[in-house]
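Structure, as structure tokens:
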Protein chains: 2
Amino acid sequence: MSSGGPPTIVSIAERAGVSIASVSRVLNGLGARPETEDRVRRAATELGYVPNAVARSLKGGHTRQLTFAVPDIGNPVYVAMVREIQAVAKAAGYRLLLHSTDADVAEELGVVRSLADRTSDGLVLVPIRITPEHVEALTAAPGPVVVIGSLPDGVPVDAVQADSVTGAALAVHHLVQAGRRRIAFVNGPVDTVPGGNRARGYRGALAACGLPYDPGLVTATDFGVGAGARAVARLLDARPGLDAVFCANDQLAIGAVQALHARGWRIPEDAAVAGMDDSDLAVAAWPPLTSVDLGAGERGRRAARMLLERLGPGDGEPVPARRTTAAPRLVVRGSTSPGAAPAGSDEQEGARSA
Amino acid sequence: MSSGGPPTIVSIAERAGVSIASVSRVLNGLGARPETEDRVRRAATELGYVPNAVARSLKGGHTRQLTFAVPDIGNPVYVAMVREIQAVAKAAGYRLLLHSTDADVAEELGVVRSLADRTSDGLVLVPIRITPEHVEALTAAPGPVVVIGSLPDGVPVDAVQADSVTGAALAVHHLVQAGRRRIAFVNGPVDTVPGGNRARGYRGALAACGLPYDPGLVTATDFGVGAGARAVARLLDARPGLDAVFCANDQLAIGAVQALHARGWRIPEDAAVAGMDDSDLAVAAWPPLTSVDLGAGERGRRAARMLLERLGPGDGEPVPARRTTAAPRLVVRGSTSPGAAPAGSDEQEGARSA
DNA sequence: CTGAAAGCGCTAACAT
DNA sequence: ATGTTAGCGCTTTCAG
């Protein structure tokens, strides 16, 4: 007699009058005499049997779970990644473990090492920064990892990165074409991956356009609406002649817009504003923000796919670490171009309910 | 000699020259002779041993994983919930499994049933709608569940809900106090939990204020920026005398603002606009949106805590299902009140990086 | 085609 | 204090 607890293959075996091996076979679609097959299926249904995934994992050596570790789940960029990764994972029959590192380097390293506890089959990691410890931990990773960010060559780990340099160039060129010459740059912390890359992108783009680099037009504080507003307020005092503000992300751009509005500047007439990431915030602003889509969703999707490939049948020789880069895309809206993007026009549908 | 694969307690036992039981005891902090303790710890460190979480789960009967199932991970409201739930879970030593149901009822039911596979110890579910099947599945849930939404009494499952009625009342009263009388209402689908509740809230609030209910001032389509813009464009044709637009969420409100701007209406002078959810979008808009905070984060936090309580030592008699409601909070900004919310003022900090 | 039995890695009796 | 052993639920040889 089977006692309490949920039904197991043993309960089914007893009820069907067969061995547990037969139960397992039938349930896994291996051959069996129709009679046996029938008895087992019936018993399973009657008992409301559901296979214990943990036991399966222990036997099989894999959990069909993927971990995605991000600095901050609230950030729109990471949200876009989560969304895509979750979709890819689900389609491949994997569950998604979401881990917030709270932008803490030690935690990031911990996540990599915790691959060893076999809780998930692989990891997609978005590091806030790449330290020597990262390189070390990643090199010795006890399981498959894909990094979203810029990893040095030589680290034997797949990576998918954004092209901030080209992205910034797109924005700067666009502003220059629109007749702007004194283009301020509002950045976040330069010692983070995104901050550092975007700073380089801005300088490079300026040079490429033959424009001088004026440190007085550049600020770097925090990524955030308030930081953007304060930075621009300061810039407006120091460089009242600026005619455009390029921001390292949309939050900063929102802050910039607010600061400009507060002083009665018209956008884009008096100053154009451009952001980066093309998040939902961009369309929420007024005027709607021109923004560079750095392909967050695309990066997430690719990272997930690469990870899945590593998990597939590891036949043959070891595949070397791959590097791939998502192409940036400029999305022009009213904040830089008077006529652009009428209200309720296109995109942004897809009915996110609430 | 221990062969390939990651180290297990057996490898450690061999190396330390003790039994696997001793290894387990030492590693779990149970008593042992200092000498033994030492040998084990040393061996474990040298081998880089990490306990296999799957094996532990199989033995212990729990995974220390929680599942959070939402209709759409991209929605700011759910993002706020994820953020809090993840924080609570992490603090309690649980991992978070994120599941997107894509607003599909069948998937929601599937998630509830899949509790039976023992992959996670409990579930927080945000149903898009509550059908009789939901009630049935929830009643027969093979594990602890907490629902975020309005569950009928009698369903033996914990639930935490928003108070849309009071929330809508807060907004409507605020608008009335600001001198508005013809308050339009832009809603999403009425057959969803949020849509239905907000519709009731609006009607109730109107009645409480002694204002007539004019169906011509009400629209219900999709939750989304574009839908909001189109709805308001239509409203402006049908009821050009409106002096305020109350929207069932911030996306709709953003759309409303755009439609009004497009026609040259000034906000809030010609028409005030208020939204719901107080998401990041609210501060991104210009003017910043007055919005009703329905306590998404708070609901997430409470749901997680309730679930954790169920998972705790189930000593004594069974605790009956609990219902709790998060109090709404009106956040007044420039879209209804000319002076409010200067740029880069307060909140919104917390430096979400990018 | 089917059953018996081993074993995934760990914990917890039970015995010494 | 430590070792031996059973067993969590399942898959998979290996015999029959």
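In this structure, does A:LEU138 turn out to be in the same structural domain as A:LEU308 (by TED's automatic domain parsing), of a type in the set (A, V, I, L, M) and touching a Leu at 6+ places or on another chain (Cβ under 7 Å)? Considered against the rule, which asks whether it is in the same structural domain as A:LEU308 (by TED's automatic domain parsing), of a type in the set (A, V, I, L, M) and touching a Leu at 6+ places or on another chain (Cβ under 7 Å), A:LEU138 comes out as no.
If the condition is being open to solvent by less than 50 Å² (accessible area, probe 1.4 Å) and more than 20 Å from A:ALA116 (Cα to Cα), then the stretch B:5-25 contributes B:ALA16, B:VAL18, B:ALA21, B:SER22.
Is it fair to say B:GLU46 is surrounded by fewer than 19 Cβ atoms within 10 Å (Cβ to Cβ) and within 16 Å of DNA strand D (Cβ to nearest atom)?
Here the answer is no, as B:GLU46 does not meet what is asked.
Within the stretch A:212-230, how many residues are crowded, with 16+ Cβ neighbours inside 10 Å and touching a helix residue (DSSP H, G or I) at 6+ places or on another chain (Cβ under 8 Å)? The number of residues fulfilling the criteria is 13. For the subset of the stretch A:231-249 comprising residues that are open to solvent by less than 10 Å² (accessible area, probe 1.4 Å) and more than 14 Å from every other protein chain (Cβ to nearest Cβ), which member is nearest to A:ARG329 (Cα to Cα)? That would be A:PHE246.
In the set (1) at pLDDT 95 or above; (2) over 30 Å from B:LEU151 (Cβ atoms), the condition left unmet by B:ASP250 is number (2).
Quick grid of which residues meet (1) of a type in the set (Gly, Ala, Ser); (2) in the same structural domain as A:PRO127 (by TED's automatic domain parsing); (3) more than 8 Å from DNA strand D (Cβ to nearest atom):
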{"position": "A:ALA13", "(1), (2), (3)": "yes, no, yes"}
{"position": "A:ALA16", "(1), (2), (3)": "yes, no, yes"}
{"position": "A:ALA21", "(1), (2), (3)": "yes, no, no"}
{"position": "A:VAL26", "(1), (2), (3)": "no, no, yes"}
{"position": "A:GLY29", "(1), (2), (3)": "yes, no, yes"}
{"position": "A:VAL40", "(1), (2), (3)": "no, no, yes"}
{"position": "A:GLY60", "(1), (2), (3)": "yes, no, no"}
{"position": "A:PRO71", "(1), (2), (3)": "no, yes, yes"}
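When residues in the stretch B:95-108 are screened for being among the small types (Gly, Ala, Ser) and open to solvent by 40 Å² or more (accessible area, probe 1.4 Å), 2 of them pass. Only a single item in (1) buried (at least 23 other Cβ atoms within 10 Å of the Cβ); (2) modelled with pLDDT under 95 is not met by A:ASP277, and it is number (2). Within the stretch B:284-315, the set of residues being hydrophobic (A, V, I, L, M, F, W, C), outside any loop (DSSP other than H, G, I, E, B) and open to solvent by 20 Å² or more (accessible area, probe 1.4 Å) comprises B:LEU308, B:LEU311.
Here is the figure for the stretch A:103-137: residues that are within 9 Å of another protein chain (Cβ to nearest Cβ) and at pLDDT below 95 total 2.
Answer yes or no: is there a residue in the stretch A:177-193 that is over 23 Å from the mean Cα position of the chain (by Cα), in a helix (DSSP H, G or I), under 30 Å from A:GLU298 (Cα atoms) and assigned by TED's automatic domain parsing to the domain that holds A:THR336. Within the stretch A:177-193 (the criterion being over 23 Å from the mean Cα position of the chain (by Cα), in a helix (DSSP H, G or I), under 30 Å from A:GLU298 (Cα atoms) and assigned by TED's automatic domain parsing to the domain that holds A:THR336), the answer is yes, since at least one residue qualifies.
Going through the stretch B:112-130 one residue at a time, which ones are closer than 23 Å to B:THR324 by Cα and out of contact with any Asp or Glu (no Cβ under 9 Å at 6 or more places or on another chain)? Step through it out loud before you land on a result.
First, pick out the residues of the stretch B:112-130 that are closer than 23 Å to B:THR324 by Cα: B:112, B:121-130.
Selection gives B:VAL112, B:ASP121, B:GLY122, B:LEU123, B:VAL124, B:ILE130.
Which ranges mark the helices (runs of 4 or more DSSP H) fully within the stretch B:1-91 that have 1 or more residues being more than 14 Å from DNA strand C (Cβ to nearest atom)?
B:34-47, B:76-91
Of the residues making up the stretch B:197-211, those that are open to solvent by 50 Å² or more (accessible area, probe 1.4 Å) and in contact with a helix residue (DSSP H, G or I) (Cβ under 8 Å, 6 or more places away or on another chain) are B:ARG200, B:ALA208. Looking only at the stretch A:50-94, filter to residues that are farther than 13 Å from A:ARG299 by Cα and of a type in the set (D, E, K, R); which one of those is most open to solvent (accessible area, probe 1.4 Å)? Filtering first and then ranking leaves A:LYS59.
The values are calculated or read from the model by the stated rules, or taken from the named source; none is laboratory data. Not measured: the values here are computed from a predicted model. Backbone-built Cβ (ideal geometry, glycine too); neighbour counts: all protein chains shown. Areas reflect the complete protein model, heavy atoms only, side chains present, ligands, DNA and RNA absent. Shrake-Rupley method; radii C 1.70, N 1.55, O 1.52, S 1.80 Å.
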